[in-house]
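Working notes, beginning with the structure itself.
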Amino acid sequence: MELNIVGGDLAKAKTPCLILGVFDKRKLSKPAEAVDKTTDGAISALLKKGDLDGGKGWLLAYDLAGVTAERVLLVGLGKRKECDRPKLAKALGSALARLGETRVDRALLALPEGLDDYVSVRAAALKAAQAAYRYEATKKPKEDAAVLLAALDIWVEKPARAAAERAVAHASAIAQGVALARELGNLPGNLCTPTYLAERAIALAEEFPALTTEVLDEPAMEELGMGALLSVSRGSRQPAKLIVMSYKGGDDQTKPVVLVGKGLTFDAGGISIKPAADMDEMKYDMAGGASVFGAMLATVRMGLPINLIGVVPASENLPDGDANKPGDVVTSLSGQTIEVLNTDAEGRLILCDALTYVERFEPALVLDMATLTGACIVALGRHPSGLFTNDDKLAAEITDAGDAADDRVWRLPLWEDYQQQLDSNFADIANIGGRDAGAVTAACFLARFTKAYRWAHLDIAGTAWVTGKEKGATGRPVPLLSDFLIRRSGVETGR
Ligand code: BES
Ligand code: MN
Ligand code: ZN
């Protein structure tokens, strides 16, 4: 989707649709007020009809006297004082859905005053760009399906122009990253295999010279001693891949940020097989890996001056005569032995070897993203991702990034106290920690393999996809990761 920053007289703007915000009690936003003035009160007259008196919703007007735009979409923003960025994004989302039904594919949006800085413009642009994504790989849209937005102009006042330009450039890059993560997530497990992910990573490197991709196959991983990862893929006919993508935007001295994402392309649970209900959703068990792809693409598109490495251990987890059995003991790349008490706790098995592998990059820090535990959904629901780290500064940075990107996290403890739940009589560590605090013990498991660097873990089980009638990948936490990397890179944003 095309995004532009524009200025000038809103009433005279040529556009199929001018989108203006109005607050509760018929109070106009500043841009709406300006249009109202030049049209001798056309907007106020419309509002007098009362359609938006509830403060929410939208009102579509055609051929408004004094306005060049073919239509004007007034969007209710609720109480002025309570209208923050998330509320604005939500209102915009519903307004854009309305636009799609009218078959309009271009619009001009004037953001209300106070919400026209870098972060808000980026949020609005990202929201619009995200609304323009539709999964079509294995299902063609019906003829009467909503039209997707092809271009959005965002109007801001002159002083805000430079920050807004940066905001839309970033939003466009992030949106492409989010769309890639969503697409990979939504693809079914029979198409999106570890080999397919590896091919996509190679294709990305071919497209972008700043990016290189290396793929380790099973013999290479065997050679290294990745016994934990390989024990998971042994039960599958699809060979595992360790995908390593490197982006060089900084100098040689700068240590890389390393992202590691769980790329379990289908999780049936293995011998500890999952119940049938909703098992289809386990195609999304590679969403952490997809977010690595998305963050890499967003970073390349933004051209951030950082060094970034993305690692995706990719595998299936299926029941088979050669699959892991409960009680099996495997040896990880770190040398630690692991008792596989539940073959469905496979994410940590593939991640632990990837997390040991990345030590070789001498990372500035490592973030891993994984749809790791149903217990995280029980603890936090589906609004925030779970954040685990013992580095308070890193926790604050990630939390701030999540807040700014409307892609929030909530921190859970990673205390030593929980570690004993992972004790095993037959190995250095067990792969499950019992019923209590399942999301925490999963993170504690990973913590045993991440002592060599600064590290944080995001459990995205509740946030990576939406379940139910609107089932689909969200692309989270690509917005968070992008904001985190933008801040780290120190590029000027004007915020
Ligand atoms: N991929 C699942 C976690 C998951 C389940 C994410 C449902 C989103 C929705 C993971 O591999 C898994 O199966 N975890 C087990 C761990 C348990 C065996 C300790 C779980 O959460 O039940
Ligand atoms: Mn599992
Ligand atoms: Zn899993």
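Please treat every number below as a calculation from the coordinates, not as lab data. It should be emphasised that the depicted structure is a prediction, and the values quoted were computed from it without experimental measurement. Cβ: placed from backbone, ideal geometry, glycine included. Neighbour counts: every protein chain shown.
Observations
- Taking every alpha-carbon pair under 8 Å whose residues sit at least 6 apart, the chain reaches a relative contact order of 14 percent.
- The mean sequence separation of alpha-carbon pairs under 8 Å and at least six residues apart, normalised by the residue count of the stretch 55-120, gives a relative contact order of 27 percent.
- Ranking Val168, Pro209, Thr195 by how far each Cα lies toward the positive end of the dipole of the stretch 161-281 (charges on Cβ) leaves Val168 at the top.
- Counting only residues at least eight positions apart within a chain, or on another chain, the aspartates and glutamates with an alpha carbon under 16 Å from that of Lys139 are Glu183, Glu470.
- Residues with amide H under 5 Å from that of Met226, placed H, sequence gap 5 or more: none
- For the stretch 248-253, 3J(HN,Hα) computed residue by residue from phi via the Karplus equation (6.51, -1.76, 1.60; θ = phi - 60°) reads 10, x, x, 7, 5, 6 Hz, glycine and proline entered as x.
- Members of Lys27/Lys90; Lys274/Lys451; Lys27/Lys469; Lys262/Lys451 lying beyond 29 Å, as alpha-carbon distances in this model show: Lys274/Lys451; Lys27/Lys469
- The loop-placed chymotrypsin sites (Phe, Trp or Tyr not before Pro) in the stretch 246-310, going by DSSP, include none that has at most 15 neighbouring Cβ atoms within 10 Å of its Cβ.
- Note that the stretch 408-421 has calculated 3J(HN,Hα) couplings of 7, 10, 9, 7, 10, x, 10, 6, 3, 3, 7, 4, 4, 5 Hz, one per residue in order, obtained from phi through the Karplus relation 6.51 cos²θ - 1.76 cosθ + 1.60 (θ = phi - 60°); glycine and proline are x.
- What the phi angles of the stretch 199-205 give under the Karplus curve with 6.51, -1.76 and 1.60, with θ = phi - 60°, is a coupling list of 5, 5, 5, 5, 5, 4, 5 Hz, glycine and proline written as x.
- Excluding same-chain neighbours fewer than eight residues apart, the aspartates and glutamates reachable from Lys12 by a Cα-Cα span under 19 Å are Glu33, Asp36, Asp40, Asp63, Glu70, Asp153, Glu157.
- Above-threshold pairs, the threshold being 24 Å between Cα atoms, out of Lys48/Lys79; Lys30/Lys81; Lys25/Lys81; Lys14/Lys81: Lys14/Lys81
- Near the amide H of Asp368, within less than 5 Å, lie the amide hydrogens of Val260, Ala456, His457, Leu458, all on another chain or at least 5 residues away, with H placed in the peptide plane.
- On Cα atoms only, tilt of 478-489 relative to the major axis of the chain in degrees: 90
- Per-residue [θ]222 nm for the chain (sum of -39500 (n - 2.57) over DSSP H runs n ≥ 4, rounded to 500): -10500 deg cm²/dmol
- Amide proton proximity set for Thr493, modelled H, under 5 Å, gap of 5+: none
- Relative contact order [Cα under 8 Å, 6+ residues apart], the stretch 159-274, whole percent: 27
- Links that overshoot a 25 Å alpha carbon limit, given the list Lys37/Lys158; Lys241/Lys283; Lys56/Lys283: Lys56/Lys283
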